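Taking it in order: structure first as structure tokens, then the write-up.
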Amino acid sequence: MRTVRNVHQRIIDAPADTVGALLDRLAGEDDPLFPTPAWTGMRFDRPLGVGADGGHGSIRYRVTAYEPGRGIRFDSASLGGYHRFSVEPLDGGARCRLVHALEIRVGLAETLLWALAVLPVHDTVIEELFDNAERAATGRLTRPATRWSPRVRLLHRLGHPRPAATPVPAAARLARHAFDRPDFADACRLPLERGMDRDPRAWRGVLPFPVQAAGESELLLGKDAGHLDFRASVLVGEDDVTLSTVVKVHNTRGRLYWALVRHLHPYAARHALRRTHRRLALAAPSAGERHRSRVTS
């Protein structure tokens, strides 16, 4: 076993109280720091405080120390270590230093995984979080985090959440009323991160079919053909987005066609939803930009 240490810090031209107040909102609904929606957000089972359990993505940890406005420590049993944020006043309080420190114990296999996959993503997420802190506290960004490396782009693509199968939601009324007796129906869903577009029109490009109908939170795409009719519903809620499919078969040709396609369809639908979800997540304003927009509006 060896100990891995990783430290990031940034001087911010704002008082420690200002940056500390932002840190106190970490993992909240109006979190101005964690770089969502590009990355899966930090969430806990209760408000930020000692004993809160949660994490981000597959990384799980518990809050073990919390001094409001000054620092938070998270301990992870699975990683055998901790990470913490702290805010230190500088120059008589005119500026401050924001620090993130991580220390974990890893074996040989974990060391290789850390170096090849975890470290580049970790460094990117922390630097983007620092960008958000600086932007939210000062309204500007003196030196943005560097662009994603090819490795980070690849790791982000591979690690982006994957849709899960689900029944067609009751709220997907356009899909449910598209046909009297559909011959096939399925659905898949993905959670929505903070800051992602909840307007169903933003999801228009999920599949290359004409718009058949639109509702306040649902968009119905589809196409009619001689052998079958196809409808795809995009239902956008506060917490998730669901892509539902309903099919009406007309004749023997349609039954033969769908007997083959139905086995490929779930993979294609999930790929289309995941691709669009990732595109919109990367195009959305950062947490710091959203915070400044609320402050100035």
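Quick one: count up the residues across segment 39-61 that are under 30 Å from Leu154 (Cβ atoms) and aliphatic (A, V, I, L, M). Of the residues in segment 39-61, 2 are under 30 Å from Leu154 (Cβ atoms) and aliphatic (A, V, I, L, M). The set of residues in segment 189-209 being in contact (Cβ under 8 Å) with a residue 24 or more places away in the chain and part of a loop (DSSP other than H, G, I, E, B) consists of Leu192, Glu193, Arg194, Gly195, Met196, Asp197, Arg198, Asp199, Leu207. For Leu33, the requirement of being assigned by TED's automatic domain parsing to the domain that holds Leu98, surrounded by 19 or more Cβ atoms within 10 Å (Cβ to Cβ), touching a Pro at 6+ places or on another chain (Cβ under 9 Å) and under 12 Å from Leu129 (Cβ atoms) is not met.
Screening Leu22 against (1) in contact (Cβ under 8 Å) with a residue 40 or more places away in the chain; (2) surrounded by 18 or more Cβ atoms within 10 Å (Cβ to Cβ); (3) touching a strand residue (DSSP E or B) at 6+ places or on another chain (Cβ under 7 Å); (4) under 16 Å from Ala133 (Cβ atoms) leaves a single unmet condition, (3).
For segment 68-79, a residue qualifies if it is modelled with pLDDT under 95 and either buried (at least 16 other Cβ atoms within 10 Å of the Cβ) or polar (S, T, N, Q) (or both), and the qualifying residues are Ser76, Ser78, Leu79.
Only helices (runs of 4 or more DSSP H) whose full extent lies in segment 93-172 are considered here, and the ones with at least 3 residues that are crowded, with 18+ Cβ neighbours inside 10 Å are 119-138. Against the definition (of a type in the set (Ser, Thr, Tyr) and in contact with a strand residue (DSSP E or B) (Cβ under 8 Å, 6 or more places away or on another chain)), how does Thr124 come out, yes or no? Taking the combined requirement at face value, the residue does not satisfy it. In segment 215-297, counting only strands (runs of 3 or more DSSP E) that sit wholly within it, the ones holding 1 or more residues that are surrounded by 14 or more Cβ atoms within 10 Å (Cβ to Cβ) and among the polar types (S, T, N, Q) span 228-236, 240-249. Evaluation of Gly28 against the conditions (1) surrounded by 14 or more Cβ atoms within 10 Å (Cβ to Cβ); (2) free of Cβ contacts under 8 Å to residues at least 60 places away in the same chain; (3) under 30 Å from Met1 (Cα atoms) shows that the sole unmet condition is (3).
One line per residue, one yes/no per condition, for (1) out of contact with any Lys or Arg (no Cβ under 8 Å at 6 or more places or on another chain); (2) among the basic types (Lys, Arg); (3) on the phi > 0 side of the Ramachandran plot; (4) in the same structural domain as Met42 (by TED's automatic domain parsing):
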residue	(1), (2), (3), (4)
Leu192	no, no, no, no
Arg201	yes, yes, no, no
Phe209	no, no, no, no
Ala214	no, no, no, no
Leu219	no, no, no, no
Val241	no, no, no, no
His250	yes, no, no, no
Arg275	yes, yes, no, no
Gly288	no, no, no, no
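Scan segment 36-49 for residues that are of a type in the set (Lys, Arg) and either in contact with a Gly (Cβ under 6 Å, 6 or more places away or on another chain) or crowded, with 16+ Cβ neighbours inside 10 Å (or both) and jot them down. Once the filter is applied, which keeps residues that are of a type in the set (Lys, Arg) and either in contact with a Gly (Cβ under 6 Å, 6 or more places away or on another chain) or crowded, with 16+ Cβ neighbours inside 10 Å (or both), segment 36-49 yields only Arg43. Starting from segment 146-163, keep only residues that are under 13 Å from Asp123 (Cβ atoms) and modelled with pLDDT under 95, then list their pairs with residues that are of a type in the set (D, E, K, R) and in a helix (DSSP H, G or I) whose Cβ atoms are within a distance under 6 Å, requiring at least 6 positions of separation or different chains. Short answer, once both residue conditions are applied: none.
Note on segment 1-55: among residues that are closer than 29 Å to Gly107 by Cβ and of a type in the set (Lys, Arg), the one that is farthest from the chain's Cα centre (by Cα) is Arg2.
The values are calculated or read from the model by the stated rules, or taken from the named source; none is laboratory data. Owing to the predicted nature of the structure, the values given are computational and were not obtained by experimental measurement. Cβ: placed from backbone, ideal geometry, glycine included. Neighbour counts: every protein chain shown.
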